[in-house]
């Protein structure tokens, strides 16, 4: 039987501007699904842009090519394969006025199987 | 990943007569998971808010892969259980900062007639190789404890290796002792859900030398565990703690090739029982960073064993 594990890598974390999620080792897994939930968005917050990143060592990161946009008070997911050993998301808070003050609470769940 | 074999215990392990669990992380997470709070308040909020209990680094299956040396693998096989912090720490006398720790817990229960419990692991630790040099002093501490409850008390025997405090080398082991702190003193000035002595990895006054309101140092010289000469070489070392479940005292502790002895009657705080957790046996491993670098503790494997009244009687008659 395959292994399965869901890691809640970032739980109810308030983010502003640019941020990255907790780096996670997943070399054992054949497939990964990132579930992202956005709550408690501040006034003017349009949502969060996220890009999947992979790494050979957990330190130097590359954009994997998959992206997602999560609107305020909503949730999205992306499905991944062939991601090597390390995964994280690079995010940025989008705001109506382009200013740095917009914020939201982000929860990231990484479901792994292999 | 598929399960291919049962764990055969390497010679570094010396379990009590009965194996409760023997977890080889080549076979998966084996029920080890993040230690998180109780999400029982309005909106699923955590029950305690003295600290940020929601941002500790998540535990993971690791191949111990590094930038220049590649994959280290584990003591037996490829995977170990990795506890990794985020890159932020509070000063030695402050409460733990958000994300400064990572904790792995497994939730078990007490078998019939159990008299002694032993937790063993092969461990390795390192600082993230994100800058040149040697990061050996970037780690504050790591350790293990067991959350136990019997018919009368909840108590948490444990040991902690204080590696460095605010950048100064310590390299000494301490163990959890009884605290005389009030609930408010224990919970950073708030009444708190935590009885004095419960969760000593977070609570109780912290001191500049790395001690806390509920720790005592082992006698003897500091112990320099193997860190190796660069942040990407790790060595697997045995760790073993045994407790007497009847007397609620420590029996033995060893780290690497060093054996430590406890003063007579040494025990952690005996707190009142909590609801719904009678017979709880929850081993917990943890790691703490000392500064702005991520540090990791690797476990491969973990063996929890026990002895019963029958075993003790057989031993006596031998």
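What follows is calculated from the coordinates using simple rules that are stated; it is not laboratory data. Computed from a predicted structure; not experimentally measured. Cβ coordinates were reconstructed from backbone atoms using ideal geometry, including for glycine residues, and neighbour counts include every protein chain displayed.
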Which of the peptides B:274-284, A:6-16 is most tightly packed, and how do the rest follow, judged by the mean count of other Cβ atoms within 10 Å per residue? A:6-16, B:274-284
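Using Cβ counts within 10 Å as a stand-in for footprinting exposure, how do B:44, B:25 rank, fewest first?
B:44, B:25
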For the stretch B:34-60 and the stretch A:2-79, compute the distance between their C-alpha centroids and round to whole Å. 19
Below 8 Å, C-alpha to C-alpha, sequence gap of six or more: please give me the relative contact order for the stretch B:18-317 in percent. 30
What's the whole-number percent of alpha carbon pairs in the protein assembly as shown lying beyond 36 angstrom? 26
Per residue of B:49-56, other chain Cβ atoms within 10 Å number on average 2
Can you work out the FRET efficiency for the pair residue B:40 and residue A:6, with r the C-beta to C-beta distance and R0 = 30 Å, to the nearest 0.05? 0.90
Please find the FRET efficiency linking residue B:314 to residue A:97, where r is the Cβ-Cβ separation and R0 is fixed at 51 Å, and quote it to the nearest 0.05. 0.10
For the residue pair residue B:14 and residue B:226, what label-to-label distance in nm results when each label sits 7 Å from Cα along the Cα-to-beta-carbon direction? 1.8
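Take each of the peptides B:80-87, B:92-99, average the number of other beta-carbon atoms within 10 Å over its residues, and list them starting from the highest.
B:80-87, B:92-99
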When N is the residue count of chain B, what does its C-alpha Rg come to as a fraction of 2.2 N^0.38 Å? 0.96
Taking a ≥ b ≥ c as the square roots of the eigenvalues of the Cα gyration tensor, with a/c under 1.5 meaning rounded and otherwise prolate when a/b exceeds b/c and oblate if not, chain A is prolate
Summing -39500 (n - 2.57) over every DSSP H run of at least 4 residues in the protein assembly as shown and dividing by its residue count gives a helix-only mean residue ellipticity at 222 nm, to the nearest 500 deg cm²/dmol, of -500 deg cm²/dmol
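May I ask for the equivalent-ellipsoid semi-axes of the stretch B:149-261, computed as the square root of five times each C-alpha gyration tensor eigenvalue and listed largest first in whole Å?
After diagonalising the Cα gyration tensor, the semi-axes are 27, 19, 12 Å.
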